[in-house]
1. Quick check on my link table: of Lys87/Lys181; Lys160/Lys337; Lys122/Lys330, which ones sit more than 32 Å apart, alpha carbon to alpha carbon?
2. Among the DSSP beta bridges whose two residues both lie in region 11-179, what percent are antiparallel, rounded to the nearest 5?
3. Return one number: the angle in degrees, 0 to 90 and rounded to the nearest 10, between the long axis of the Cα atoms of helix 74-87 and the longest principal axis of the Cα atoms of the chain.
4. Per DSSP helix of 4 or more residues, -39500 (n - 2.57); summed, then divided by the residues of the chain. What does that give at 222 nm, rounded to the nearest 500?
5. Would you mind checking region 172-192 for residues with the amide N under 14 Å from a putative spin-label position 7 Å along Cα→C-beta of Tyr237?
6. So what is the relative contact order of region 11-179, in percent, for Cα pairs below 8 Å that sit 6 or more residues apart?
7. Using only Cα atoms, find the angle between the long axis of helix 47-57 and the longest principal axis of the chain, and express it within 0 to 90 degrees, rounded to the nearest 10.
8. Would you mind classifying region 35-105 by shape? Square roots of the alpha carbon gyration tensor eigenvalues, ordered a ≥ b ≥ c; an a/c under 1.5 is rounded, otherwise it is prolate if a/b is larger than b/c and oblate if not.
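FYI, it's all coordinate maths here, none of it is from the lab. Quick caveat: nothing in here was measured; it's all calculated off a predicted structure. Cβ placement follows ideal geometry from the backbone for every residue including glycine, while neighbour counts extend to all protein chains displayed.
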Amino acid sequence: MKNFVYSIPTKIYFGEGQIQKLDKILAPLGDKVLLMYGGGSIKKNGIYDTIIQILKENEIAYEEMGGVEPNPRIETVRAGAALCREKGIQVVLPIGGGSTIDCAKAVAAAACYDGDAWDLVKDGRKIRKALPIVSVLTLSATGSEMDTFAVISNMETNEKIGTGAEILRPAASILDPSYTKSVNAYHTAAGTADIMSHILEAYFSNVEGYMQDRVAEGLLKTCIEFGVKAIENPDDYEARANLMWTSSWAINDFLVLGKRVAWSVHPMEHELSAFYDITHGVGLAILTPHWMRYVLSDQTAEKFRTYGVNVWGIDKDLPAIEAASQAIDKTAEYFRKMGLPSRLEEVGIGEENFDIMAEKAAAQLRSAYVPLTKEDVKEIYRRAK
Ligand code: NZQ
Ligand code: ZN
């Protein structure tokens, strides 16, 4: 295990009705709030009305910005930052999934930066100041509610880049699982695949972390237990609650402290979303089993066997390669069981951009669990075709 500093300061208000504490959460942070949200799901399920009522009853001044896109765009970030400056916003309040929260994080940083917002996306080290962020999560997936990252797209240049800074971790996040009951089966499945991928990215590391890996296995088992249940019964509060809390812990840093390595599947997926604007979790579900099969070797088989035995209950006496292979099959099968596509062509992706996407992804994969070259990535894309 490597040395690390543990500090995950986001204050979490978890459970039904926690929104009623919103006024007290906002009070020490500032007097004027920017409410941010996506395409309108919060208006359909009533969360918007509840929050507006709380703001009005407590005489909290606010501005609104809706229409944040899934895979949020740099143009939206720029518009949000301009609004913050013009209206003297002191706190950013995203209500939504990862896209809205990521966009709000980038807005919070860009509002305090003199240059163009894209500079901050390209280089997180430039993020020195940001407005405080309070998030209200409505979709269990990205963990943005408790992490330091914001992923922003520039569709003109086909770039989707994850930036990050400690200062972007929300000051507080309200996690009410009942808010996720209205998430449809497709996004519940994609969100669960995203959570699983964050855990797997941390798990498959060359740096040993026995304790972290046992926690990771528990989190993976939680996704497997409750992903399908939430899809089959959207109102299952326990399923929604377990997925929500797992989404935060999958990527809040705990699992990677002491054993951080560069991620493997996310860089390959971000290229797919950058070129084709697909749902992030769907891209991950397609690529993950192919990546696993590609990197399985005598060197990695033992780790995959441990994954298979501890997460999927595979017979520990099987030869490592056989157990590993069964574990990969189980992973693919679970994504299919949740109704997710397993081939790129199912989401409209052909070979036309494999070359450029592989080149860009490979630039981030030189120090991954198994380092991958452009040719390796191309081959993984081909096998996923
Ligand atoms: O826009 P609205 O109308 O709110 O609808 C959204 C959207 O269409 C809908 N939705 C959200 N909550 C709902 C709901 N529908 C009904 N009921 C609710 N309660 O779901 C759709 C998808 O929302 P989105 O926010 O795009 O999904 P997700 O949370 O998966 O976020 C995806 C984005 O986060 C990035 C991804 O790349 C992608 O851009 N990621 C962010 C990370 C981070 N910050 O750490 C890490 C991840 O690996 C990921 O890259
Ligand atoms: Zn992800």
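1. Over 32 Å Cα-Cα: Lys87/Lys181; Lys122/Lys330.
2. Once the DSSP bridges in region 11-179 are tallied, antiparallel ones form about 20 percent.
3. 20 degrees
4. Calculated at 222 nm, the ellipticity per residue is -15500 deg cm²/dmol.
5. Answer for region 172-192: 176-181.
6. 27 percent
7. That helix lies at roughly 30 degrees to the long axis.
8. Note, shape of region 35-105 comes out oblate.
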